[in-house]
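Inspection log for the structure reproduced underneath, given as structure tokens.
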Amino acid sequence: MSTSSSLNWLDGALEGLQRAGLRRERRVGSGLPAGAIDFGSNDYLGLAGDPRLAEAAAAAGRSGWGAGASPVVSGRSALHAELERRLAEFEGAEGAILFPSGFAAGAGVIPALVDEGDAVYADAKNHASLIDGCRLTRAERRVYPHNAAAALRAMLEADAGRFRRRLIVTDGLFSMDGDFAPLAGLGELAAAHDAMLVVDEAHATGVWGPSGRGSVEAAAQRAPALESQVAVRIGTLSKALGSAGGFVTGSAALIDWLHNRARSYVFSTAAPPAVAAAAIASLEIVRTEPERRERVRRNAERLRGLLGDAGWNTGQSTSQIVPIVVGAPERAVALAAELARRGFYVPAIRPPSVPAGESLLRVSVSARHGADDLRQLVEALGPAPDPAQPG
């Protein structure tokens with residue numbers, strides 16, 4: 001089959017990505033041999049390969065697979081409805097609504113809540129789904145420096161009385177830096193300025209908080225008012241919960257509104273009911289096996305200590321996401337390749353996933369990792385190069 005000449009520019013553009021160290025390969029899995037240690041997956045609790053999830057999906061799939069259409073057209077299956085009920089119960093919310101992916105949830109919620117005549121305030125390091133959700137709305141967009149509550153306060157004060165509705169949106173746990181948003185302060189600002197606060201819990205659900213509900217639950221231990229100050233919580237089933245799809249929890253009115261107005265929900269076919277069955281099984285494991293999240297947190301703390309002793313820069317991480325900040329994309333790619341040669345999968349993260357000059361190795365710590373895995377990874381890296389030395 002011939003290629004349209006209108007796409008001839010792609011070869012040169014791809015070569016440009018290659019020269020800049022930004023071209024990503026298409027591969028099956030990590031591309032590493034059997035026995036390699038995986039530090040790239042977001043399967044934080046080790047549930048993606050748990051047979052209980054596979055068994056639940058298999059049992060549900062015996063009566064059919066696809067959902068057929070959007071939930072608005074063909075309705076939700078009993079399994080979808082049950083998962084939404086359990087998610088609402090888990091989050092302590094009035095209701096929940098499922099999306100085909102976490103990205104669809106983030107990109108769909110924001111334009112459903114604000115429009116022309118409104119304003120949205122977003123952290124500079126929010127996930128791409130939240131960034132795109134802000135771009136899709138016709139509201140005025142404000143971007144405040146990463147985790148800078150004081151700058152956000154100044155923006156809110158300057159905009160007082162100018163807009164119909166205002167919305168603050170942030171990741172709870174940031175996916176590349178591994179640090180947490182200052183949620184207590186953001187909650188106070190939202191309450192003081194009558195703004196809706198949206199928190200994306202994608203990387204925190206299942207891992208943080210006494211019950212595994214995420215960063216809001218963790219922060220609310222010291223700031224109890226936060227629970228009521230967060231208007232919307234976005235989550236995913238595809239990371240710590242080991243399944244697939246996204247969700248939103250909140251008031252019954254919010255869920256009804258999103259069912260009617262979130263375009264990524266209204267115009268997407270629902271995930272197969274068997275996927276919901278797997279997620280139901282994973283929620284039960286999160287409830288009954290808290291030792292998994294405790295192990296993840298211990299592992300991450302241990303790894304940060306080992307990396308720090310070896311001189312590596314792990315930024316502001318205080319979570320299971322441990323960045324090794326190296327700066328140049330070529331350096332990140334070279335380190336990832338050397339680790340792969342030694343039997344470790346650690347992805348190199350480059351722009352546009354991170355800002356220019358902040359390329360890094362992103363280490364995802366899991367409950368599956370043992371102390372020897374962590375030690376061997378740091379030994380494979382060796383001591384960090386002395387920045388004062390040339391080359």
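All of the numbers you see were taken from the coordinates with simple rules; none came from a lab. What you are looking at is a predicted structure, and each value in this text was computed from that prediction instead of being measured. Backbone-built Cβ (ideal geometry, glycine too); neighbour counts: all protein chains shown.
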So what's Rg/Rh here for segment 1-138, counting alpha carbon atoms and using the Kirkwood radius for Rh? 1.04
So which GluC sites (Glu not before Pro) in segment 71-147 end up in coil per DSSP with only 14 or fewer other C-beta atoms within 10 Å? Glu94, Glu116
Any idea what log10 I(q)/I(0) is at q = 0.14 Å⁻¹ for segment 232-391, Debye with uniform C-alpha scatterers and no solvent? -0.88
Long-range amide H partners of Gly246, meaning residues 5 or more apart or on another chain whose placed amide H is closer than 5 Å, are Phe99, Ser101, Gly102, Leu237
Share antiparallel - DSSP beta bridges, segment 51-288, percent rounded to 5: 35 percent
In sequence order, what are the phi-derived ³J(HN,Hα) couplings for segment 327-340 according to the Karplus relation 6.51 cos²θ - 1.76 cosθ + 1.60 with θ = phi - 60°, rounded to whole Hz, with x for glycine and proline? x, 7, x, 4, 5, 5, 5, 5, 5, 4, 5, 5, 5, 4
What order do you get for Trp312, Trp65, Trp208, Trp257 when you list them from fewest to most C-beta neighbours inside 10 Å? Trp65, Trp257, Trp312, Trp208
Of every Cα-Cα pair in segment 231-300, the percent that sits beyond 13 Å: 72 percent
Expressed in Å to one decimal, the Kirkwood Rh of segment 137-255 from all distinct alpha-carbon pairs is 14.9 Å
Expected vector for segment 290-298, Karplus 3J(HN,Hα) from phi with 6.51, -1.76, 1.60 and θ = phi - 60°, integer Hz, x for Gly and Pro, equals x, 4, 5, 5, 5, 5, 4, 5, 5
Hey, what do the phi angles of segment 194-206 turn into as Karplus ³J(HN,Hα) couplings, whole Hz, using 6.51/-1.76/1.60 and θ = phi - 60°, x for Gly and Pro? 6, 10, 6, 10, 10, 10, 8, 9, 3, 9, 10, 4, x
Mean Cβ neighbour count within 10 Å, used as a protection proxy, ranking 199-205, 356-362, 235-241 highest first: 199-205, 235-241, 356-362
What percentage of all Cα-Cα pairs in segment 27-79 are separated by more than 15 Å? 67 percent
Working from the alpha-carbon coordinates of segment 290-381, get Rg over Rh, Rh being the Kirkwood radius. 0.96
Of the peptides 321-332, 295-306, how do they stack up when ordered by the mean number of other Cβ atoms within 10 Å, highest first? 321-332, 295-306
Of all the Cα-Cα pairs you can form in the chain, what percent are over 30 Å apart? 44 percent
Please build a GNM for the chain, connecting alpha carbons under 10 Å apart, and tell me which residue among Val216, Val114, Val169 fluctuates the most. Val114
